[in-house]
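Colleague: Can you read through this structure? Questions will come right after.
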Amino acid sequence: MKLAMIGFGQAGGKIVDKFLEYDQRTQSGIVRAAVAVNTARADLMGLQHVPEENRVLIGQSRVKGHGVGADNELGAEIAEEDIDEVQGAIDNIPVHEVDAFLIIAGMGGGSGSGGAPVVAKHLKRIYTEPVYGLGILPGGDEGGIYTLNAARSFQTFVREVDNLMVFDNDAWRQSGESMEGGYAEINEEIVTRFGILFGAGEVGGGDDVAESVVDSSEIINTLAGGGVSTIGYAAEEVEMQNSGGLLSRFTSGSGGQAKDTAHTTNRITSLVRKAALGRLTMPCEIQGTERALLVMSGPSPHLNRKGIERGRKWLEEQTGSMEVRGGDYPVNEPSVASVVLLSGITNVPRIKELQQVAIEAQDNIDDIQQESQTNLENLVEDDEDELDPLF
């Protein structure tokens, strides 16, 4: 699947940068074009892989390249005002070669949180290609203002995109881990999962062809109903095929081949369960999921149709959905991986909690502002009888 990626804000720009690095490392060819947009000059300068001509600094007349300071209303205003500058970079994208747009943003800050929904709305008005969002939720310990930003951005972003894929930092940060190390690990997780998902179906000249091909149309149809999506992932290392290795021993006779087939099938079904019930990008109850897609990747000899069919049927039972697609993606790497895309999820406790905390934070902010105004008036009134104001 060929994507035009737009990273908005600090988190969005870093993740797009990581996608480009992944693309170069794996030769997956997912990123057809990449643009980074920000109100902070320093964040754009810190990118390593996004071409300089595709780094767009907006809001210079208002914030002088210093960012919006977690004010996502200001971030949205600036994105609206400078949308022509963003469009200027998008004009360089060969849209006829792109299957979809993917807008990536952290939802707790200012620039990405406010600007990403604006750009999504703009793209949907102009182009016929699907516009997807990848929103990163802040951790619960990052503070009330970031939670409030995320809740407001979430409900706006999800309305403006064809599907919003969500990654919840709260489910992934580990205790005792440095902030920089934590975010680097999270970004690696995001890119690995989405890299396998969007890379499925790409075949080079010397590559193995999948038994059951998953291509861009399968992904687009799974995401087509809109709403919110989450992705599960599980992997297991395997021995690569060689002249005297494990596989040659398994396939040396009919009994060995049967043993190998059973082992491969069991591994696949186990990995599907781990992916769906383990650490999802957005933890949720999978029962009630509207649509799902299963992608198995790994060396061809370790993938088989029987295992994938079993995994797909298990997903149907667990989700209650009749729209569960599945297939394999042969890659020459020493591990078998299962990626499960769950689209149209509805039972998401974290979102409900986020909205509740945001409502409380908004009420607290209103109370504090009102109290602050009263305190200031009391402070000044004490001297009003004795002093005349300047004007």
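Colleague: Determine, yes or no, whether residue 150 is free of Cβ contacts under 8 Å to residues at least 60 places away in the same chain and open to solvent by less than 10 Å² (accessible area, probe 1.4 Å).
Modeller: no
Colleague: Scanning the stretch 178-222 for residues that are open to solvent by 50 Å² or more (accessible area, probe 1.4 Å) and among the small types (Gly, Ala, Ser), which turns out modelled with the highest pLDDT?
Modeller: 217
Colleague: List, please: which pairs have Cβ atoms under 6 Å, are six or more places apart or on different chains, and start with a residue in the stretch 30-52 that is in contact (Cβ under 8 Å) with a residue 40 or more places away in the chain and end with one that is surrounded by fewer than 21 Cβ atoms within 10 Å (Cβ to Cβ) and among the basic types (Lys, Arg)?
Modeller: 32/2
Colleague: Follow-up question, since we're still on this one. Of the residues in the stretch 95-110, how many are under 26 Å from residue 198 (Cα atoms), touching a residue at least 60 places away in the same chain (Cβ under 8 Å) and open to solvent by less than 30 Å² (accessible area, probe 1.4 Å)?
Modeller: Residues in the stretch 95-110 being under 26 Å from residue 198 (Cα atoms), touching a residue at least 60 places away in the same chain (Cβ under 8 Å) and open to solvent by less than 30 Å² (accessible area, probe 1.4 Å): 9 in total.
Colleague: Right, another one. In this structure, does residue 350 turn out to be among the basic types (Lys, Arg), surrounded by fewer than 24 Cβ atoms within 10 Å (Cβ to Cβ), more than 16 Å from residue 276 (Cα to Cα) and touching a residue at least 60 places away in the same chain (Cβ under 8 Å)?
Modeller: So residue 350 fits the description; yes.
Colleague: Still on this structure: Which one of these does residue 309 not meet: (1) within 25 Å of residue 190 (Cα to Cα); (2) open to solvent by 20 Å² or more (accessible area, probe 1.4 Å)?
Modeller: (1)
Colleague: Which of the residues that make up the stretch 223-265 are modelled with pLDDT under 55 and hydrophobic (A, V, I, L, M, F, W, C)?
Modeller: 246, 247, 250 - these are the residues of the stretch 223-265 that are modelled with pLDDT under 55 and hydrophobic (A, V, I, L, M, F, W, C).
Colleague: Hey, another quick one. Would you pick out the residues in the stretch 278-311 that are assigned to a helix (DSSP H, G or I) and in contact (Cβ under 8 Å) with a residue 24 or more places away in the chain?
Modeller: Hits for the stretch 278-311 are 300, 301, 302, 305, 306, 307, 308, 310, 311.
Colleague: Next up: Can you name every residue in the stretch 317-332 that is in contact (Cβ under 8 Å) with a residue 24 or more places away in the chain and either touching an Asp or Glu at 6+ places or on another chain (Cβ under 9 Å) or in a strand (DSSP E or B) (or both)?
Modeller: Result: 319, 321, 323, 324, 325, 326, 327, 328, 329, 330, 331, 332.
Colleague: Does residue 128 satisfy being at pLDDT 90 or above, outside any helix (DSSP H, G or I) and farther than 27 Å from residue 296 by Cβ?
Modeller: yes
The values are calculated or read from the model by the stated rules, or taken from the named source; none is laboratory data. Every value quoted in this text rests on a predicted model; they were computed, and no experiment measured them. Note that each Cβ is placed from the backbone with ideal geometry, even for glycine, and that neighbours are counted across all protein chains shown. When the accessible area is computed, the model is the full protein with side chains, heavy atoms only, and any ligands, DNA or RNA have been set aside. Shrake-Rupley method; radii C 1.70, N 1.55, O 1.52, S 1.80 Å.
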